[in-house]
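Below is one structure; the comments refer to it alone.
The values are calculated or read from the model by the stated rules, or taken from the named source; none is laboratory data. The shown structure was predicted, so the numbers you read here are calculated from the model rather than taken from an experiment. Here the Cβ positions follow ideal geometry from the backbone for every residue, glycine too, while neighbour counts run over all protein chains shown. All accessible areas refer to the heavy atoms of the entire protein, side chains included, with ligands and DNA or RNA removed. Shrake-Rupley method; radii C 1.70, N 1.55, O 1.52, S 1.80 Å.
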Amino acid sequence: IAPSMLAADFLHLADDVNIVNRNADLFHLDIMDGVFVPNISYGFPVVEAIASAAEKPMDVHLMIVQPEKYIERFARIGVSMLSFHLNATDKPAQTLLHIRETGMKAGLVINPDMPVESLYPYLHLCDYIILMSVYAGFGGQKFIEETYERIRTLKAEIDRQGLNVKIEIDGGVCPSNSKALIDAGAEILVAGSAVFKSDDPAKVINALK
């Protein structure tokens, strides 16, 4: 379970970091540039602040153009997992290799309107794939039901290639759909609003588990 810090209370960020440390498995950090997606989130100062108190690995999801420019800096901060969108760079293979060379796990991301087949040539270079179950750029969107079939299709191809690539789902994840996502083949669930907009985030994380 990877709570999305974009939905955290930034006036009391340390409190929400502690919730993740005590109850979840990963910090999911969404980096948006206002170019690749229309929204702007946060940058290195916030990531560094979270890193200073994080006891769980940081999973950074880049929604930015030219993601290859920032790989070394995220590695220096101590990020464990770094992903970028397949259509955000014209050199996805090189970018994946560069991420792995720094010691981070490398991930590719696609939006719901991109076919999962577009990932197939790059799976052998990935440690994980993020299938967006909403459109990247904004929190609080409704879960897209076709995601289940996309997970099954991708999982079958990963198995066919004999790879150990985890499937991560991002968008609209909540306790009512978490089991179906895992049953379809997902292993990492990102949840933002469901966790941090609830009255009891720890209880929601435990329900997701």
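From the residues in the stretch 103-116 that are part of a loop (DSSP other than H, G, I, E, B) and closer than 22 Å to Ala2 by Cα, which one is most open to solvent (accessible area, probe 1.4 Å)?
Taking the stretch 103-116 and keeping what is part of a loop (DSSP other than H, G, I, E, B), we get 103-104, 111-115.
Those still in the list that are closer than 22 Å to Ala2 by Cα too: 103-104, 111-112.
Numbers: Gly103: 66, Met104: 8, Asn111: 28, Pro112: 26 Å².
Among those that are part of a loop (DSSP other than H, G, I, E, B) and closer than 22 Å to Ala2 by Cα, it is Gly103.
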Open item on the list: For the stretch 181-191, give me each residue that is within 13 Å of Ser133 (Cα to Cα) and either assigned to a loop (DSSP other than H, G, I, E, B) or open to solvent by 20 Å² or more (accessible area, probe 1.4 Å) (or both).
Closed with: Ala186
- [ ] For residues that are more than 17 Å from the chain's Cα centre (by Cα) and among the β-branched types (Val, Ile, Thr), scanning just the stretch 16-45, find the one that is least open to solvent (accessible area, probe 1.4 Å).
- [x] Ile19
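Does Leu97 qualify as being of a type in the set (A, V, I, L, M), open to solvent by 60 Å² or more (accessible area, probe 1.4 Å), within 19 Å of Val60 (Cα to Cα) and modelled with pLDDT of 95 or more? Steps first, answer last, please.
Values: of a type in the set (A, V, I, L, M): yes; open to solvent by 60 Å² or more (accessible area, probe 1.4 Å): yes; within 19 Å of Val60 (Cα to Cα): yes; modelled with pLDDT of 95 or more: yes.
Considered against the rule, which asks whether it is of a type in the set (A, V, I, L, M), open to solvent by 60 Å² or more (accessible area, probe 1.4 Å), within 19 Å of Val60 (Cα to Cα) and modelled with pLDDT of 95 or more, Leu97 comes out as yes.
Going by the conditions given, is Leu119 in a helix (DSSP H, G or I) and either free of Cβ contacts under 8 Å to residues at least 40 places away in the same chain or open to solvent by less than 60 Å² (accessible area, probe 1.4 Å) (or both)?
On the way: in a helix (DSSP H, G or I): yes; either free of Cβ contacts under 8 Å to residues at least 40 places away in the same chain or open to solvent by less than 60 Å² (accessible area, probe 1.4 Å) (or both): yes.
So Leu119 fits the description; yes.
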TODO: Can you tell me which residue among Met63, Met32 is of a type in the set (A, V, I, L, M), in contact with a Leu (Cβ under 9 Å, 6 or more places away or on another chain) and within 25 Å of Ser118 (Cβ to Cβ)?
DONE: Met32
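Inspect all residues belonging to the stretch 169-179 and state whether any of them is surrounded by fewer than 16 Cβ atoms within 10 Å (Cβ to Cβ) and part of a loop (DSSP other than H, G, I, E, B).
Let us first name the residues in the stretch 169-179 that are surrounded by fewer than 16 Cβ atoms within 10 Å (Cβ to Cβ), namely 176, 179.
This time we only want the ones that are part of a loop (DSSP other than H, G, I, E, B), so: none.
No, there is no match, as no residue in the stretch 169-179 is surrounded by fewer than 16 Cβ atoms within 10 Å (Cβ to Cβ) and part of a loop (DSSP other than H, G, I, E, B).
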Open item on the list: Given the condition open to solvent by 60 Å² or more (accessible area, probe 1.4 Å) and either of a type outside the set (Val, Ile, Thr) or on the phi > 0 side of the Ramachandran plot (or both), answer yes or no: does some residue in the stretch 126-134 qualify?
Closed with: no
Open item on the list: Of the conditions (1) open to solvent by 10 Å² or more (accessible area, probe 1.4 Å); (2) within 24 Å of Leu62 (Cβ to Cβ), Asn206 satisfies every one except a single condition; which number is it?
Closed with: (2)
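I need the full set of residues from the stretch 146-160 which are more than 25 Å from Met58 (Cα to Cα), surrounded by 11 or more Cβ atoms within 10 Å (Cβ to Cβ) and more than 18 Å from the chain's Cα centre (by Cα), in order please. Before you say what the answer is, go through the steps one by one.
Of the stretch 146-160, the ones more than 25 Å from Met58 (Cα to Cα) are 146, 148-150, 152-153, 156-157, 159-160.
Adding the requirement that they be surrounded by 11 or more Cβ atoms within 10 Å (Cβ to Cβ) leaves 148-150, 152-153, 156-157, 159.
Of everything in the stretch 146-160, those that are more than 25 Å from Met58 (Cα to Cα), surrounded by 11 or more Cβ atoms within 10 Å (Cβ to Cβ) and more than 18 Å from the chain's Cα centre (by Cα) turn out to be Glu149, Arg152, Thr153, Ala156, Glu157, Asp159.
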